[in-house]
2 protein chains.
Amino acid sequence: MFESAELGRKIDQAAYDKELPALREALLEAQFELQQQGRFPVIILINGVEGAGKGETVKLLNEWMDPRLIQVSTFDVQTDEELARPPAWRFWRQLPPKGRIGIFFGNWYSQMIQGRIHGHFKDAVLDQAIDGALALEQMLCDEGALIFKFWFHLSKKQMKTRLKELQDDPQRAWRLSPLDWQQSKTYDKFVRHGERVLRRSSRDFAPWYVVEGSDECYRSLTVGRILLDGLQAALKAKSRPAAQPHVAPMVASLDNRILLDSLDLTQSLDKDAYKDMLAVEQARLAMLMRDKRMRRHALVAVFEGNDAAGKGGAIRRVAAALDPRQYRIVPIAAPTEEERAQPYLWRFWRHIPARGKFTVFDRSWYGRVLVERVEGFCQPSDWLRVYGEINDFEEQLSNAGVVLVKFWLAIDQDEQFKRFKEREQIAFKRFKITEEDWRNRDKWDAYCDAVGDMVDRTSTSIAPWTLVEANDKRFARVKVLRTINDALEKAFASD
Amino acid sequence: MFESAELGRKIDQAAYDKELPALREALLEAQFELQQQGRFPVIILINGVEGAGKGETVKLLNEWMDPRLIQVSTFDVQTDEELARPPAWRFWRQLPPKGRIGIFFGNWYSQMIQGRIHGHFKDAVLDQAIDGALALEQMLCDEGALIFKFWFHLSKKQMKTRLKELQDDPQRAWRLSPLDWQQSKTYDKFVRHGERVLRRSSRDFAPWYVVEGSDECYRSLTVGRILLDGLQAALKAKSRPAAQPHVAPMVASLDNRILLDSLDLTQSLDKDAYKDMLAVEQARLAMLMRDKRMRRHALVAVFEGNDAAGKGGAIRRVAAALDPRQYRIVPIAAPTEEERAQPYLWRFWRHIPARGKFTVFDRSWYGRVLVERVEGFCQPSDWLRVYGEINDFEEQLSNAGVVLVKFWLAIDQDEQFKRFKEREQIAFKRFKITEEDWRNRDKWDAYCDAVGDMVDRTSTSIAPWTLVEANDKRFARVKVLRTINDALEKAFASD
């Protein structure tokens, strides 16, 4: 979920300076329109990793807009008055009225994440707190409020560098955080529990935006644009904003193609190295599948990728390692009549392996957010809500001991063109290339966007995506096998 | 929540026989239309107290409709195959396809309630399970499914009688339930945890219907009518049923006025008895409010009732017992400008007492489901969703140690007429009677419906409604004071 907020996204100062004036003016205008209409309040939640620019961004928003119409609330230690009342009272008393913007720093999410990190309670109680927060947000939205939830993220390394800088800055070193961020463990726990919170609390009426915090220009511009888009849409909508949920990518990005562009597709293996490594990994997989500990687990591997990226070849190399009784390969094509009469996920649930078994999905439940989205086979509301359903589905698998590996096999356009041409030449491969494949190529950019969103919203610690550089088939196959083996070993080790 | 399902509602056999043929025909017709359209599946969940007619009702539905288009699933002990997969797999494989009806007996709710009763887990894990169920139901509704959730209820006494009958019936005695219903404690736990489940899992897209189970004719007709209404509405709607949530009362009732009609308004106290009892209860309240244990609690009393039912007089008798520094009386009238700029509950949150203090609300957050509903001051969607918000709000108060007592002061129409006339005569009371009061009288029935729904949906074990027979003012005042005292004592005792 945080992968694409660790890519080191940057905007140079010149581009920033160029865009800023128009953005500021538009924001200011939207803010006055908000006040004039007086129809709904705006609530901005600020959360995330220490040093990722939370405070700086809030400061900036107050500079960009009219600070008289913004109220910033921090929620540190509870006052006596607050302690004498139900916990939510402190938030209710700080709610911005209609026409105003309220920025909530250290809000309900910070409290629950801190409590979980400090071990005051376990996941079940954390989930209760998340549901409480969602009920509050749902109510606020039903009453017309527009809610933005920002999560500022830094990689561990970036955070350490940043904290060092802050420490050396006498103007800032005094700031105390209730968490000891100097400890490496704190970061890990924060990110782990934070991911659970984000996964469970991102709803269409109040989505999370994960913002990479290392570059100030990128961070500020991203937040500014999201606010502006959301405000303008809500101000224009005649009905209440709640009726018009944000259509928001989980990870705020000025350019969604960055994720795939960041792959080094030149990686390759020569024939000999490939032969050796393949043999090693296949033997490893065979051993692992026969391991006694496999009885407590099942294995599910999902293969998605560009057309002609080599999914079939990779799957064959995996299968070659195994006894056919151990695995089943499920190719996902157009749904059958029976499947069309059921909810979307039904066709996948029916193939979930029993413990000890392995199912390979050749294309999968991600079809809805890939081909169905891009080709317009379903409504935006359908593919937007399926992200949540998928995360929920995969959490259920994981809770039941299923080890889940998900591959996106990526090739570039040149390589795809070459392979298409080859397929047209070779008789027995000709059936693999159709008019449709050529048409899909025209939608390359749309597919990149869809893949970016998919990874942002569904790559979780329990079911991470593995992006496989597949211009070189040999490299890809070994990486696939090794990833499966590593995942199984990790699951066995944590039993 | 179960109060109004313990009133002993009945329908005589003749009325039943008269209505049945038309109902059966309409149900059958709807069922075929469902199949013809093939647009959505229907899922019926059957839960509730043992002996309340769950099995009989399902049997009946199969007789009334075409059983070939109904699939009944029971979920007892998991099979080996089910145990080897994630828990939800067993439900997925039994989902009815579009155009069919699936009846789920012993579904996800039975499992979680049983687990809680047997002490396998605590409330936090129960809440997780409830949220899991809601996520599943939400997804099913998003995919078009129409869901009915029936809870069959019996009072404890009714249940015991019923179990005795069943035991003596050789055809039924063999039936085994995973809970030991013979134990009195089992019933109490079942109802307590059941209430939590119902409170948290009744949503507009999948509401609960509580059906009083003691009278077969009443029970069967109620279920039949609810199904028919829901089916017909969904079949008529062009869009997906999910977009058209049921507008369902939590407690299924053929006549909503029964609750208020069941009160014995002739109860009264003579002057001497009143004087003595009032003195006793006032002294008791004064003592309790000074009790050391009060430091851990706050007290909130809500007064609602018919116009001229004597709320003011009752509140004065409560206040008379206390030091003015201990309590505050908050009269709720039209919202101020500041309050209108905030979510509905904000105006009540601001008056929540600190620990040790007492707030009396003269009218309250129930205004939205009473006067605002009846007078059409807000949209049905607003007052429908506020039931859930109120339950959530009151749960937060209760969790923070607030003792909450809620009174509905009920008088009959004759008594109200008499009091209105009196007020017109007495100079200093004349300001208390306006044209509006006379107009409200015309809406007597609509108010009865609103009160019935309100009590059904918001009388919970943590914040029960007390219906006060107020034709006799003296009787009412003593009952109010005694109820407050009992509630405080109960809270202190369970500390």
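Residues in segment B:86-130 that are within 12 Å of chain A (Cβ to nearest Cβ), at negative phi and touching a residue at least 60 places away in the same chain (Cβ under 8 Å): B:98, B:100, B:102, B:123, B:126, B:127, B:130. Does residue B:328 satisfy being in contact (Cβ under 8 Å) with a residue 12 or more places away in the chain, in a helix (DSSP H, G or I) and not hydroxyl-bearing (Ser, Thr, Tyr)? Here the answer is no, as residue B:328 does not meet what is asked.
Of the set (1) β-branched (Val, Ile, Thr); (2) open to solvent by 20 Å² or more (accessible area, probe 1.4 Å); (3) touching a residue at least 24 places away in the same chain (Cβ under 8 Å), all apply to residue B:57 but (2). Within segment A:366-384, the residues that satisfy the criterion of being open to solvent by 50 Å² or more (accessible area, probe 1.4 Å) and more than 11 Å from residue A:450 (Cβ to Cβ) are A:376, A:377, A:379, A:380, A:381. Of everything listed in (1) away from every other protein chain (no Cβ under 14 Å); (2) open to solvent by less than 10 Å² (accessible area, probe 1.4 Å); (3) within 30 Å of residue B:349 (Cβ to Cβ); (4) not hydrophobic (A, V, I, L, M, F, W, C), the single unmet condition for residue A:62 is (2).
Of the candidates A:142, A:80, A:127, the single residue that is assigned by the TED database to the domain that holds residue A:191 and modelled with pLDDT of 90 or more is A:127. Of the helices (runs of 4 or more DSSP H) lying entirely inside segment A:73-124, those containing at least 1 residues that are basic (Lys, Arg) and under 28 Å from residue A:183 (Cα atoms) span A:108-117. Counting the residues of segment A:415-444 that are under 18 Å from residue A:471 (Cβ atoms) and at pLDDT 85 or above gives 9. Taking the numbered list (1) open to solvent by 70 Å² or more (accessible area, probe 1.4 Å); (2) of a type outside the set (A, V, I, L, M, F, W, C); (3) assigned to a loop (DSSP other than H, G, I, E, B) in turn, residue A:335 passes all entries but (1). Residue pairs whose Cβ atoms lie under 6 Å apart, sitting 6 or more positions apart in sequence or on different chains, and linking a residue in segment A:461-480 that is assigned by the TED database to the domain that holds residue A:407 to a partner that is of a type in the set (D, E, K, R), are A:461/A:195; A:463/A:394; A:465/A:406; A:468/A:479; A:471/A:415; A:477/A:317. For the residues B:90, B:85, B:24, the requirement of being farther than 25 Å from residue B:162 by Cβ and either of a type in the set (A, V, I, L, M, F, W, C) or open to solvent by 60 Å² or more (accessible area, probe 1.4 Å) (or both) singles out B:24.
I need a count of the residues in segment A:436-460 that are open to solvent by 10 Å² or more (accessible area, probe 1.4 Å), more than 11 Å from the chain's Cα centre (by Cα) and in contact (Cβ under 8 Å) with a residue 24 or more places away in the chain.
10
Does residue A:229 qualify as being within 14 Å of chain B (Cβ to nearest Cβ) and under 24 Å from residue A:4 (Cβ atoms)? So residue A:229 does not fit the description; no. Suppose we filter A:17, A:12 for residues that are assigned by the TED database to the domain that holds residue A:219, modelled with pLDDT under 90, open to solvent by 10 Å² or more (accessible area, probe 1.4 Å) and out of contact with any Asp or Glu (no Cβ under 8 Å at 6 or more places or on another chain); which single one remains? Going through A:17, A:12 in turn, the sole match is A:12.
How about segment B:302-325: which of its residues are in a loop (DSSP other than H, G, I, E, B) and aliphatic (A, V, I, L, M)? First the steps, then the outcome.
Of segment B:302-325, the ones in a loop (DSSP other than H, G, I, E, B) are B:306-310, B:320-325.
Correct list: B:308, B:309, B:320, B:321, B:322.
Determine, yes or no, whether residue B:138 is part of a helix (DSSP H, G or I) and surrounded by 19 or more Cβ atoms within 10 Å (Cβ to Cβ). Yes; evaluated as a whole, the condition is true for this residue. Checked against the criterion of being surrounded by fewer than 21 Cβ atoms within 10 Å (Cβ to Cβ) and among the polar types (S, T, N, Q), segment B:39-50 contains not a single residue that satisfies it. Selection of segment A:143-157 for residues being more than 14 Å from chain B (Cβ to nearest Cβ) and under 11 Å from residue A:207 (Cα atoms) yields A:148, A:149, A:150, A:151. Between B:324, B:331, B:335, the distinction of being assigned by the TED database to the domain that holds residue B:482 and touching an Asp or Glu at 6+ places or on another chain (Cβ under 6 Å) belongs to B:331 only. Among the residues of segment B:398-417, is any assigned to a helix (DSSP H, G or I), within 14 Å of chain A (Cβ to nearest Cβ) and surrounded by 20 or more Cβ atoms within 10 Å (Cβ to Cβ)? Among the residues of segment B:398-417, not one is assigned to a helix (DSSP H, G or I), within 14 Å of chain A (Cβ to nearest Cβ) and surrounded by 20 or more Cβ atoms within 10 Å (Cβ to Cβ), which makes the answer no.
So which residues in segment A:386-427 are of a type in the set (Lys, Arg) and in contact with a strand residue (DSSP E or B) (Cβ under 7 Å, 6 or more places away or on another chain)? If the condition is that a residue be of a type in the set (Lys, Arg) and in contact with a strand residue (DSSP E or B) (Cβ under 7 Å, 6 or more places away or on another chain), then A:406 is the only one that fits.
Scanning segment A:65-82 for residues that are open to solvent by 80 Å² or more (accessible area, probe 1.4 Å) and in contact with a strand residue (DSSP E or B) (Cβ under 7 Å, 6 or more places away or on another chain) yields a single hit, A:74. Within the set B:422, B:389, the sole residue that is assigned by the TED database to the domain that holds residue B:295, acidic (Asp, Glu) and either in a strand (DSSP E or B) or surrounded by 18 or more Cβ atoms within 10 Å (Cβ to Cβ) (or both) turns out to be B:389. Looking at segment A:341-365 only, could you name the residues that are more than 8 Å from chain B (Cβ to nearest Cβ) and either charged (D, E, K, R) or assigned to a strand (DSSP E or B) (or both)? Matches in segment A:341-365: A:347, A:357, A:358, A:359, A:360, A:361, A:362, A:363. Taking residues in segment A:136-152 that are among the acidic types (Asp, Glu), and partners anywhere that are part of a strand (DSSP E or B), the pairs with Cβ atoms closer than 7 Å and at least 6 places apart or on different chains are A:137/A:147; A:137/A:206.
Pick out the one residue from A:383, A:465 that is in contact with a Lys or Arg (Cβ under 8 Å, 6 or more places away or on another chain) and either within 14 Å of another protein chain (Cβ to nearest Cβ) or on the phi > 0 side of the Ramachandran plot (or both). Just one listed residue meets the conditions, A:383.
The values are calculated or read from the model by the stated rules, or taken from the named source; none is laboratory data. Note that the structure is predicted; figures quoted are calculated from it, not measured. Note: ideal-geometry Cβ built from the backbone for every residue, glycine included; neighbour counts use all protein chains shown. When the accessible area is computed, the model is the full protein with side chains, heavy atoms only, and any ligands, DNA or RNA have been set aside. Shrake-Rupley method; radii C 1.70, N 1.55, O 1.52, S 1.80 Å.
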